[in-house]
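The values are calculated or read from the model by the stated rules, or taken from the named source; none is laboratory data. Predicted, not measured: the structure shown is a model, and the values here were computed from it. Glycine gets a Cβ as well: all are built from the backbone with ideal geometry, and neighbour counts include every protein chain shown. Note: areas computed on protein heavy atoms with side chains; ligands, DNA, RNA excluded. Shrake-Rupley method; radii C 1.70, N 1.55, O 1.52, S 1.80 Å.
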Amino acid sequence: MEISTELIYKYFSEIHFSKGDYLLRSGEVEKHLYYLESGMVRIFHYDFHRDKETTVDFIFPRQFCLSYESFRDGTPSILELQAISDVCAYRIDKQLLDTMMKDERFIAIKLQIMEELFVQKARKEIQFLTQSPEQIYKHLIEKEPFLVQKLPLKYIASYIGITPQALSRIRKRIF
């Protein structure tokens with residue numbers, strides 16, 4: 001299921017981010033829901049005590065992007081959202097979305113957005129439960145080959161849950 005882009009263009013505002021820009025920093029409250037038109041965003045957690053980043057997800061074009069718990073609860077995010085390529089996105093402010101939800105006509109839109117976010121999360125969880133790191137890497141290459149080629153290997157390895165050295169071995173077997 002994919003949300004109608006007509007709805008996105010009607011109610012969301014276009015915004016651009018340059019590679020390296022943050023859509024959200026840890027400790028900030030998420031105030032926007034984004035829909036990526038082009039580019040890619042990395043969602044990660046930075047553990048200050050261990051000085052370690054863990055990539056939680058990559059968001060590709062035609063996907064929604066946000067720190068959900070922060071958005072829903074109005075609490076500081078533990079996640080960071082960073083553009084890892086130039087990004088064209090559409091965003092809607094939480095206050096506007098909440099105001100729209102007072103009108104029953106818009107509840108279907110929110111439901112569609114929530115379903116899409118759920119499907120994205122469920123697909124990822126199923127993939128990580130049923131596929132090897134090599135299969136996950138191959139899937140990333142098939143899904144967005146041009147963007148994945150530009151990603152630092154340490155981001156991909158962190159996302160898959162392996163070391164950069166293990167990812168190098170996988171890449172040698174594949175290529």
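See the values below:
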quantity	calculated
More than 27 Å apart - percent of Cα-Cα pairs taken over the stretch 29-175	27
Of all accessible heavy-atom area on the chain, the percent that carbon and sulfur account for (1.4 Å)	53
The chain, accessible area per residue, ligands and nucleic acids excluded (1.4 Å, Å²)	58
Rg over Rh [alpha-carbon atoms, Kirkwood Rh] for the stretch 5-103	0.99
Reachable lysines, given that their alpha-carbon falls under 17 Å from the alpha-carbon of Lys52 and they are not under 8 places away in the same chain	Lys154
Approximate spin-label separation Arg25-Phe146, in nm, with each point projected 7 Å along Cα-to-Cβ	3.2
Stretch gain in nm, segment Ile15-Arg105, where the contour uses 0.36 nm per residue and the Cα spacing is subtracted	29.8 nm
Restraint check, Lys19/Lys121; Lys94/Lys138; Lys102/Lys150; Lys102/Lys143; Lys31/Lys143; Lys31/Lys138, Cα-Cα greater than 32 Å	Lys94/Lys138; Lys102/Lys150; Lys102/Lys143; Lys31/Lys138
